[in-house]
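Structure, as structure tokens:
The values are calculated or read from the model by the stated rules, or taken from the named source; none is laboratory data. Quantities reported herein were computed from a predicted structural model and do not represent experimental measurements. Glycine gets a Cβ as well: all are built from the backbone with ideal geometry, and neighbour counts include every protein chain shown.
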Amino acid sequence: MSKNKLIQVFEYQKLKIGQDGFTESNFQALVLFNEKNGNKYFTTVHKGILFNSYVGVIQIGGLTIEILPKADNSDNKLLWRDVLLHMLKECKLIQVDNISETHLKKRYNSFLEAYYDIYLNEIEYLIKRGLIKKYRKNQSNQFSLKGKLLFSQNIQKNVVHKERFYCSHQVYDRNNIIHQILLEGVSVLQHLEDGKFTDRINRIMFEFDKIDKVKITSRHFEMVQTNRKTKPYTNAVQIAKMLILNYSPNISSGTENMLTLLFDMNKLWEEYIFRILHKYKPANYKVSYQNSDKFWENKRIKPDILIRKENGENFIIDTKWKVVTSNKPSDQDLKQMFVYNLHWESPQSMLLYPQIDQKDSEFGNYKFIYNNKINQCKLGFVSILDSGSIKKGKDLGKEIFRKTNTII
């Protein structure tokens, strides 16, 4: 049994000290982490945390906190965890192909723990098929001249050892950057997991005993070259990158290790809608994302999604991940969409929100008319759920295109 405690909360929900095993030590570590990141992930309240638009997972010591999105009246946390994984997968922000909701409920404490298992599975598979070897440069003392003699180092190191030669030579072995990355990922797991994977980790560490331990940074991942030999390593390296770059060791005076995987739900919703529209667009239509253009001096404007229709007309979509009760755009949104319409010569635009029980507004007219065309904007609502399950991407895409007066 896993000893790791799991707390599941929704976005914009509070988590208080003492609630579901959330301790003072956990609280202090989260506060320090948030301060180091500009206080963008949540707000500190009296003896607790108020989460905001960031969703995902935090593992701190023996506690895992899943922060889930929510855009309905249901408190079904398993369903919304499934929604989050689905959106992350569609946006290719996290590799979740091997994780199903049934899998999670049966075997894992959290979807982060599922990732640990998948990572170890990938490495065990690589070990079984044989770790690749590569040539690398090595500098060392030899009893015979091998490769290139390094004169200055040889004089410095072998003054009293005339029988030795300090050389630079090539070595063909498994001690290469890709294995150093995988080893660092396993080392992170040693600090985070609660004993469930200890035996497997120890066996892997034994296989990697001749691999140098290196402090891995984002620069090292840029050094990994994909070719026929390294292609089987792709999934393992991607998960290692997630583990290593999101790991914060000794976040609170050496008492807590932390791994965070957090996403701004507003940006996730925006990219998810774009990818659905791009994937299921009608023939001869174009869908583009964040079309930045110069607006005034050094200021730029950037609508979320631009659809170029078959007849040559543009349509602007600006996504908003929040629940609204009004069926009319706010004054600020109307002004923003008005500028988008004019700048991209789009006669119509739409603000797209997640749906609970709202209905789309009618297209409203701006007073300003250009090219003899009425300038319009509306509110649109779509649900990512259908009868308690995730709506198929194709159906969601069709629904949104219909709102743009595109029949598919």
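Are there any strands (runs of 3 or more DSSP E) wholly within the stretch 5-81 with 1 or more residues that are within 14 Å of residue 260 (Cβ to Cβ), in contact (Cβ under 8 Å) with a residue 60 or more places away in the chain and within 20 Å of the chain's Cα centre (by Cα), and if so which?
Those strands (runs of 3 or more DSSP E) span 54-60, 63-68.
So residue 325 clears everything in (1) of a type in the set (Val, Ile, Thr); (2) in a loop (DSSP other than H, G, I, E, B); (3) in contact with a Pro (Cβ under 9 Å, 6 or more places away or on another chain) except one condition, right? Which one?
Status for residue 325: all satisfied but (3).
Tell me, please, whether a residue that is in a helix (DSSP H, G or I) and over 30 Å from residue 260 (Cα atoms) can be found in the stretch 195-218.
no
Look at the stretch 277-320 and say how many of its residues are part of a strand (DSSP E or B), crowded, with 16+ Cβ neighbours inside 10 Å and of a type in the set (A, V, I, L, M, F, W, C).
7
Could you figure out which of (1) of a type outside the set (Gly, Ala, Ser); (2) surrounded by 16 or more Cβ atoms within 10 Å (Cβ to Cβ); (3) over 22 Å from residue 292 (Cβ atoms) isn't true of residue 337?
Tallying (1) of a type outside the set (Gly, Ala, Ser); (2) surrounded by 16 or more Cβ atoms within 10 Å (Cβ to Cβ); (3) over 22 Å from residue 292 (Cβ atoms), residue 337 fails exactly one: (3).
In the stretch 356-379, which residue that is surrounded by 12 or more Cβ atoms within 10 Å (Cβ to Cβ) and polar (S, T, N, Q) is nearest to residue 269 (Cα to Cα)?
This residue is 358.
Going by the conditions given, is residue 353 surrounded by 13 or more Cβ atoms within 10 Å (Cβ to Cβ), out of contact with any helix residue (DSSP H, G or I) (no Cβ under 7 Å at 6 or more places or on another chain) and at pLDDT 95 or above?
yes
With the structure loaded, tell me whether residue 339 is in contact (Cβ under 8 Å) with a residue 12 or more places away in the chain, of a type outside the set (Gly, Ala, Ser), assigned by TED's automatic domain parsing to the domain that holds residue 385 and more than 27 Å from residue 70 (Cβ to Cβ) or whether it fails that test.
yes
Could you check, for the stretch 62-72, whether at least one of its residues is touching a strand residue (DSSP E or B) at 6+ places or on another chain (Cβ under 6 Å) and at pLDDT below 80?
No - not one qualifying residue is present in the stretch 62-72.
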